[in-house]
Amino acid sequence: MIILLLTLVFLVIRVLPGDPVLLHFERRADPEAMAEVRRELGMDKPLINQYFDYLMGLLRGDLGRSMFKPYEPVSQQIFSAFPATLELAIYSMIIAVAIGVLLGVRSSRSYNKPIDHSIRAFGIITYSIPVFFLGMILQLVFSRGLGWFPSLNRFPIAMESPHGLTLYLSPPTGGFISQLLLSCPAGFVSLGICIIALRRKRVKFWRKGFLISLSAFFLGWLVWALIVWYFKCAGGLHISTGLYTIDSLLEANATKFIQSVRYLFLPSLTLGLILCGIFIRLTRNNMLETLRLDFVTAARARGLKERVVVYSYAFRNAFLPVLTMMGLQFATLLGGAVLTETTFAWPGLGRYIVDRINFRDYTAIQGAIVVFGLFVALVSLVVDILYAYLDPRIRL
């Protein structure tokens with residue numbers, strides 16, 4: 001999938017009008033200067049050679065260099081913009097799932113009543129509104145009108161952005177062997193606790209499984225001792241996620257945390273409201289089907305409260321399709337909410353792609369698409385694993 005996606009992008013962006021070489025000159029330069037820039041960018045080679053050179057670079061983990069000065073590595077640019085998109089995607093998904101699932105369940109409990117029709121209408125309206133239009137409306141109301149939230153950027157320009165947590169570790173007292181020996185007591189205590197817990201659960205030990213478990217335990221113990229020894233030898237450890245809300249908490253700075261939330265609220269609310277319509281409709285339809293099943297009728301016949309029947313019995317079974325949609329929508333957000341980031345001047349991956357398209361930066365566009373494809377594949381894999389864990393019928 002990723003190779004096919006990369007091939008299509010590689011061909012399409014070179015068919016579109018525009019030449020990245022011309023962007024290096026304010027006015028048309030002499031042919032020799034243009035040929036020199038074209039050689040620096042690797043565009044003097046045949047198209048098929050450029051394609052295979054790029055594929056070979058990908059196999060080495062190299063996304064190439066930007067075609068726009070100062071020719072920085074594309075991976076460095078992408079991963080500097082990615083934390084902003086990740087933070088926006090996480091909080092947008094939280095808002096969308098919270099509103100969509102709660103309203104979807106409430107709508108299914110009030111089937112064919114006025115509140116059901118109102119929630120369905122709300123879901124249809126929010127899903128059909130263009131995201132940039134809703135973003136501008138929220139900016140006019142909450143930023144320009146009420147002045148509660150800022151409308152642009154990610155953090156105040158006059159304030160230093162959160163830098164996370166810096167730990168100063170004590171210098172190591174010995175080498176790796178001494179560190180491994182020092183962790184022996186904790187390792188054997190943990191092993192003893194695990195054995196006692198399994199015995200209390202009446203788990204039978206068989207030779208092959210015991211040897212495999214013991215080997216995994218000692219391997220994990222060795223890796224843990226190696227990590228601790230490495231950090232001690234480093235002398236200092238800086239923890240920075242690039243997510244301003246998390247880094248503010250790690251820094252223990254309440255002012256920066258509040259500012260991060262204020263700047264994050266409007267774009268997250270915009271995306272959350274747009275996406276919640278999907279979850280309202282999906283949750284409602286699955287809950288209506290689940291509430292008609294026999295095990296729900298049996299739970300009601302046992303005299304259980306309606307809230308327990310709905311949320312503990314029906315909702316757990318109706319949640320599986322919602323989980324799949326959560327993974328797909330989250331993967332889409334990771335690829336860059338282009339319109340939202342452009343509307344709010346959010347320095348994320350979506351805005352980065354738009355800027356690179358304007359500059360006809362071929363390698364940057366290709367690198368961003370490759371990273372996007374990798375995250376879609378990874379999130380889809382995680383969703384499939386969670387689906388099998390939550391639904392025992394899939395494991396059979």
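Laid out as a table, the results:
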quantity	calculated
5 angstrom amide H check on ILE239, placed H, neighbours 5+ away	LEU165, THR166, LEU167
Approximate spin-label separation GLU32-PHE79, in nm, with each point projected 7 Å along Cα-to-Cβ	4.1 nm
Residue-span extension gain [ILE227 to LEU5] - 0.36 nm each, minus C-alpha spacing	76.2 nm
Exposure proxy order (Cβ contacts within 10 Å, fewest to most) of TYR111, TYR352	TYR111, TYR352
Computed FRET value (nearest 0.05) for ALA98 with ASP294, which takes r as the C-beta separation and R₀ as 30 Å	0.50
Label point at VAL261 placed 7 Å out along Cα→Cβ; residues across region 76-118 whose backbone nitrogen lies under 19 Å	87-99
Cα gyration tensor shape of region 282-396, rounded if a/c is under 1.5, else prolate or oblate by comparing a/b with b/c	prolate
Most to least packed among 58-66, 97-105 [average Cβ atoms within 10 Å]	97-105, 58-66
Peptides ranked, highest mean first, by Cβ atoms within 10 Å: ranges 247-254, 295-302	247-254, 295-302
Backbone N under 15 Å from the TYR71 label point (7 Å along Cα→Cβ), restricted to region 46-62	none
Extension gain, ASP19 back to GLU40 (0.36 nm per residue minus Cα-Cα distance, nm)	6.1 nm
Inter-probe distance in nm under a simple model that places probes 7 Å from Cα toward Cβ, at LEU47 and ALA252	6.0 nm
Gained length - ALA345 relative to VAL12, 0.36 nm times residue gap less alpha-carbon distance	117.2 nm
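Each reported figure results from applying straightforward, stated rules to the coordinates on display, with no laboratory input. Because the structure is predicted, anything quoted here is derived from the model rather than measured. Virtual Cβ from ideal backbone geometry, glycine too; neighbours counted across all protein chains shown.
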